[in-house]
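Below you'll find the structure, written out as structure tokens, and then a few comments.
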Amino acid sequence: MEMKSASAALLKNYIGGEWVASNNATVDLNPSDLADVVGQYAEAEPAHVKQAVEAARAAFPGWSRTVPAQRSEILLRIACEMEARQNELGELLSREEGKVRKEGVNEVAKAAKLFEYFAAEIIRPDGEHFPSLRDGIDVEALREPLGVIAVLTPWNLPMGTPCWKIAPALAFGNCVVFKPSNFVPASAWALTDIIARAGMPPGVFNLVMGPGSAIGNALVSTLGINAITFTGSNATGSHIAKAAGERRIKLQMEMGGKNPLVVLDDANLNLAVDGALRGAFYATGQRCTASSRLIVTKGIHDKFVSALVERMKAVKVDHALDPQTDIGPVVNEPQLDIDLSYLALGLGEGAKLACGGERLTRKTRGYYLAPALFTETSNKMRINQEEIFGPIASVIRAKDYDEALSIANDTPFGLAAGIYTASMRHATHFKRNAECGICMINLPTAGSDIHAPFGGRKASSYGSRELSVHAREFYTTMKTVYASPGA
Ligand code: NAP
């Protein structure tokens, strides 16, 4: 295979304030162009994980006692550099993950804002005071950092998800050992490089790259971590929950979704079709909040399907850095194989493929797949019960609103749910009865604000919410102090 732009330098892990080499490397390829080598990244060894946790433990007493204003300044420095370099970093992200340039740049810009947000959040007055039931006693509840946080993240938001976790973890005075998905080491390394130069003492932040089965597993099993924050699949989540449960350490997990988007007869057709198209297929459908089940009532069903198919045919699938591209490639070969296997499964289950689903050939060799729409499906089919995590969605016909709501909730997952309707009565009922953590009304299921809480229900989530003021719940522990004047 002809290789372009192979980076000679092996980019290393970051442990205890030093860049640390290792014997093995991951070669990071661009899914839009397999001849383009994004870079080569050192794979940590299990001994490195132990060193990283020890370095973080050693740094914790000093870091946790820094005044919030000092941590705030460091977080702002990180935010400034990310913001100033958003185009370059967004392009790097697109190059290694395959989302289009605009989405990559937007992800970096939002991630920068998160550091800014938590730089301010950390100086918010905190703690609670209670009048005691006993005379002469003061009662306060203080918040303190937890210690060493293991951060494990997936490949689909290579900057976004790590920053959701790293910014609040550091802001509240914790130390971090970060294990990114080994499919996206370039974004993780670039973020680490910025954090490493922001002025934190050695050991406060550490990066260990490598495959989840080895390095992720070593991290969650290492004694010395005080909490795990994980985003990824339900299968890995179950494994991590066991490791955390055995040692009784704090755990937060955000996992998969099979998100319903209900379209009622009275919906604005253009808005609903646009929301379905963007929610189901943009970012190559590789979003935990993707609208993968389109539940459409019978009066609008046929019009909706034909308008959506028309829009899908006009979408340009191509190299992620081509400015004309709407949808980039699938991230890697294992994910493409999963997508293709679900396409075959759907046909085998009796669904009709109304559009797309074929592998596409482009100027450069990559994992291109035409966004696919199944119609005439039932909610019981595996394609509607299991998360696919690709550019594949199904339409499910419903008789009326009540049936649509019941189908929407008939899933093990509970992340996002949306509805398109002009009826205030139905929108309000849906808002109160959809079994989800994020509810969208006349909006695509994907897309969130950094200052609002994020998380799901049922199999999609475990533990407290991410982002916003609520992030404090996970990244701190409480101490209740009873004080008497003594003599
Ligand atoms: P994944 O395979 O579960 O991986 C997630 C992270 O865990 C990666 O860093 C992975 O490393 C690591 N890992 C894998 N096996 C491990 C093990 N045995 N022990 C410890 N760590 C291990 O998930 P993914 O394929 O990267 O991401 C897609 C999934 O993430 C989808 O289910 C999606 O819905 C979910 N997601 C959820 C949200 C949300 O907020 N709810 C957001 C984004 C994505 P390697 O990659 O190196 O193997």
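The values are calculated or read from the model by the stated rules, or taken from the named source; none is laboratory data. The structure displayed is predicted, hence computed values, not measured ones. In this analysis, Cβ positions are derived from the backbone assuming ideal geometry, glycine residues included, and neighbour counts consider all displayed protein chains.
Name the residue, out of L251, L269, L261, that is away from the ligand (no atom under 12 Å from the Cβ) and surrounded by 24 or more Cβ atoms within 10 Å (Cβ to Cβ). Every option except L261 fails the conditions. If you check G232, G256 for being over 30 Å from D400 (Cα atoms) and within 14 Å of the ligand (Cβ to nearest atom), only one passes: G232. Listed conditions (1) free of Cβ contacts under 8 Å to residues at least 12 places away in the same chain; (2) over 30 Å from F115 (Cα atoms) are all met by A393, apart from (1).
All of (1) more than 8 Å from the ligand (Cβ to nearest atom); (2) among the small types (G, A, S); (3) touching a strand residue (DSSP E or B) at 6+ places or on another chain (Cβ under 8 Å); (4) not assigned by TED's automatic domain parsing to the domain that holds K303 hold for S221 with one exception: (3). Exactly one residue among A235, A214, A196, A218 is among the hydrophobic types (A, V, I, L, M, F, W, C) and without any contact (Cβ under 8 Å) to a residue 12 or more places away in the chain, and that residue is A235. Based on this model, can you work out whether V208 counts as more than 12 Å from the ligand (Cβ to nearest atom), assigned by TED's automatic domain parsing to the domain that holds E83, buried (at least 24 other Cβ atoms within 10 Å of the Cβ) and of a type in the set (A, V, I, L, M)? When the stated conditions are applied, V208 does not pass them. Where helices (runs of 4 or more DSSP H) fall entirely within the range 231-333, those with at least 1 residues that are modelled with pLDDT under 95 are at 234-247. Against the list (1) among the aliphatic types (A, V, I, L, M); (2) without any contact (Cβ under 8 Å) to a residue 24 or more places away in the chain; (3) crowded, with 18+ Cβ neighbours inside 10 Å, the condition L308 fails is (2). Within the range 370-393, can one find any residue that is touching a Leu at 6+ places or on another chain (Cβ under 6 Å), among the hydroxyl-bearing types (S, T, Y) and outside the structural domain of I123 (by TED's automatic domain parsing)? No, every residue in the range 370-393 fails to be touching a Leu at 6+ places or on another chain (Cβ under 6 Å), among the hydroxyl-bearing types (S, T, Y) and outside the structural domain of I123 (by TED's automatic domain parsing). Every test in (1) modelled with pLDDT under 95; (2) within 16 Å of the ligand (Cβ to nearest atom); (3) aromatic (F, W, Y) is passed by F183 save one, and that test is (1).
Do we have S460 as within 26 Å of L146 (Cα to Cα), buried (at least 18 other Cβ atoms within 10 Å of the Cβ) and within 14 Å of the ligand (Cβ to nearest atom) here? Yes. Scanning the range 263-298 for residues that are more than 28 Å from P412 (Cα to Cα) and either free of Cβ contacts under 8 Å to residues at least 60 places away in the same chain or among the aromatic types (F, W, Y) (or both) yields L269, N270.
Screening the range 35-55 for residues that are in a helix (DSSP H, G or I) and within 24 Å of the chain's Cα centre (by Cα) and picking the one that is surrounded by the most Cβ atoms within 10 Å (Cβ to Cβ) gives A52. Listed here are the helices (runs of 4 or more DSSP H) enclosed by the range 400-487 that have at least 1 residues being aliphatic (A, V, I, L, M) and not assigned by TED's automatic domain parsing to the domain that holds E107: 401-409, 424-433. For the subset of the range 370-394 comprising residues that are more than 14 Å from L261 (Cβ to Cβ), among the small types (G, A, S) and away from the ligand (no atom under 16 Å from the Cβ), which member is surrounded by the fewest Cβ atoms within 10 Å (Cβ to Cβ)? Per the stated criteria, the residue is S378.
One residue stands out among those in the range 132-156 that are touching a helix residue (DSSP H, G or I) at 6+ places or on another chain (Cβ under 6 Å) and under 26 Å from V184 (Cβ atoms): the one that is surrounded by the most Cβ atoms within 10 Å (Cβ to Cβ), which is A150.
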